[in-house]
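In what follows, a structure is listed as structure tokens, so that the remarks can point back to it.
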Amino acid sequence: MTVWDDLVGQDRVREQLAAAAKDADALVTAVTDGEPVEQGSKMTHAWLFTGPPGSGRSTAARAFAAALQCTSPDRALGGEPGCGFCDGCHTSLIGTHADVQVIRTDLLSIGVKETRDLVRRAQLSPAVGRWQVIVMEDADRLTEGAGNVLLKAVEEPAPRTVWMLCAPSLEDVLPTIRSRCRHLTLGTPPVEAVADVLIRRDGVDPERAHSAARATQGHIGRARRLATDERARARRAAVLKVPLRVADVGGCLKAAQELIDTATDDAKQMADEVDVKETEDLKAALGGVAGGRMPRGTAGAMKELEDKQKRRRTRTQRDSLDLALTELTGFYRDVLALQLGSRIAIANVDVQDSLDRIAESSTAAQTLRRIEAVIACRQEMDRNVAPLLAVEAMTMSLRSG
């Protein structure tokens, strides 16, 4: 299998990246051999991958990074870089290559300090590979100050450093940065393509794979989780019952509280898995003894870790809530399709009875207002409104229609 096999339903992007990787290989080979560099290369030093959630932005960036580090002997015979089997490809894909740095954040933003560390790394020459590659999966989370720090590195890159930024849209990145990047726009993968990769790579039962791909409308990550995680299926089932539970004020408030509780439980589960180990590792690194007092001067480092863990729990809760709101939007989208007699495929066929019931008891205008209420809730969350207040306001709006 090549490094491109996980890039689902993105044939045009795959062709562009494969051509750039081939030109990049020729550039490095020419420089190494002291030969003149040909003009008109499809390779450049900064790339911006955009597309809706689940389209595979980070997957495309990682595959491209692997292709740039490919050491397959077939390249000398005219083969394309990105074999998927050589040491360069393998270590890049699993995250252990010395010259491929993948940046993702569990926090709400990426700050100046972290970005400066990346910029310093970007000035180094490749240690073992052909390129120094930095993949930033959450470029939309850069603070304004961090974006300005990154701008200087993108403007004046080191000769063999490649930046790969991933964001939902061009507007999520500073204009000064995106103007210096080559843009690649990914679309939502077809449902059939997502189902196929779940069956082929994850061994999911075909019926469940198609159901998950259809329910998530081509979002690869959510489809995989829905197909393989029983808790995810139970949580989704609970969310899709909300439209039937907002018949009175009490039902609205109870449904809102349950959505918040579910998101809080998700954050707690992640904290239980990660926080304890992080804390113990830091204590050991600082010279602490199990069950004993910490050495002097370590309180600041422990406080910094606690603050980081708190911010991560906040983001996890928001991400869980945002997923629930996305699923509610999909539910009402299906209702609207039924009301308007649209021929588009229904995503939530497993709750067809609920869709029919809501469609028959309301109008298309009410459904549109309900969709707007869900979108407004997401916007309020972005403005740091208290989650419970925002969700309660939404459920009350769902009741009135």
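The values are calculated or read from the model by the stated rules, or taken from the named source; none is laboratory data. The structure displayed is predicted, hence computed values, not measured ones. Don't worry about glycine lacking a Cβ; one is built from the backbone with ideal geometry, like all the others, and counts go over all protein chains shown. Note: accessible area is taken over every heavy atom of the protein model, side chains too, but ligands, DNA and RNA are not part of it. Shrake-Rupley method; radii C 1.70, N 1.55, O 1.52, S 1.80 Å.
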Checked segment 343-364 for anything open to solvent by 50 Å² or more (accessible area, probe 1.4 Å) and either among the small types (Gly, Ala, Ser) or in contact with a Phe, Trp or Tyr (Cβ under 9 Å, 6 or more places away or on another chain) (or both); matches are ALA345, SER361
Anything in segment 178-206 that is of a type in the set (A, V, I, L, M, F, W, C) and either open to solvent by 80 Å² or more (accessible area, probe 1.4 Å) or outside any helix (DSSP H, G or I) (or both)? List them, or say none. CYS181, LEU184, LEU186, VAL204
Do you know which residues across segment 384-401 are without any contact (Cβ under 8 Å) to a residue 40 or more places away in the chain and either in contact with a helix residue (DSSP H, G or I) (Cβ under 9 Å, 6 or more places away or on another chain) or open to solvent by less than 80 Å² (accessible area, probe 1.4 Å) (or both)? VAL385, ALA386, LEU389, ALA390, ALA393, SER397, SER400, GLY401
Do the conditions hold for CYS89, that is, is it closer than 19 Å to VAL135 by Cβ and outside any loop (DSSP other than H, G, I, E, B)? yes
Filter result (of a type in the set (Gly, Ala, Ser) and open to solvent by 60 Å² or more (accessible area, probe 1.4 Å)) within segment 240-291: ALA247, ALA284, ALA285, ALA290, GLY291
In segment 212-236, how many are of a type outside the set (Gly, Ala, Ser), in a loop (DSSP other than H, G, I, E, B) and surrounded by 23 or more Cβ atoms within 10 Å (Cβ to Cβ)? 2
Between ARG116, ARG12, which is open to solvent by 50 Å² or more (accessible area, probe 1.4 Å), without any contact (Cβ under 8 Å) to a residue 12 or more places away in the chain, among the charged types (D, E, K, R) and assigned to a helix (DSSP H, G or I)? ARG12
Please list, ordered by first then second residue, the pairs with beta carbon atoms under 6 Å, 6 or more apart or interchain, first in segment 169-188 and basic (Lys, Arg), second open to solvent by less than 40 Å² (accessible area, probe 1.4 Å) and outside any loop (DSSP other than H, G, I, E, B). ARG178/LEU48; ARG180/ALA46; ARG180/VAL154; ARG182/TRP47
What is the number of the single condition among (1) in a helix (DSSP H, G or I); (2) out of contact with any helix residue (DSSP H, G or I) (no Cβ under 6 Å at 6 or more places or on another chain) that ALA247 does not meet? (1)
If we scan segment 278-287, do we find a residue that is of a type in the set (A, V, I, L, M, F, W, C) and in contact (Cβ under 8 Å) with a residue 12 or more places away in the chain? yes
Within segment 59-74, does at least one residue satisfy the condition of being open to solvent by 50 Å² or more (accessible area, probe 1.4 Å), among the acidic types (Asp, Glu) and more than 28 Å from ALA146 (Cα to Cα)? yes
Residue list for segment 332-342, restricted to those being of a type in the set (A, V, I, L, M), open to solvent by less than 50 Å² (accessible area, probe 1.4 Å) and either within 19 Å of ALA223 (Cα to Cα) or in contact with a Leu (Cβ under 8 Å, 6 or more places away or on another chain) (or both): VAL335, LEU336
Tell me which residues, restricted to segment 146-168, are out of contact with any His (no Cβ under 8 Å at 6 or more places or on another chain) and open to solvent by 40 Å² or more (accessible area, probe 1.4 Å). ASN148, LYS152, GLU155, GLU156, PRO159, ARG160, PRO168
For the condition in contact with a Lys or Arg (Cβ under 7 Å, 6 or more places away or on another chain) and modelled with pLDDT under 80, what is the one hit in ALA284, ALA290, ALA267? ALA267
So which of GLU304, GLU258 ends up being farther than 16 Å from LEU389 by Cα and either assigned to a helix (DSSP H, G or I) or small (Gly, Ala, Ser) (or both)? GLU304
Can we say ARG318 is modelled with pLDDT of 95 or more and open to solvent by 60 Å² or more (accessible area, probe 1.4 Å)? no
When you scan segment 46-69, how many residues do you find that are over 19 Å from VAL191 (Cβ atoms) and of a type in the set (Val, Ile, Thr)? 1
Go through segment 119-166 residue by residue and tally those that are hydrophobic (A, V, I, L, M, F, W, C), in a loop (DSSP other than H, G, I, E, B) and at pLDDT 90 or above. 1
So which of GLY300, GLY341 is at positive phi and of a type outside the set (A, V, I, L, M, F, W, C)? GLY341
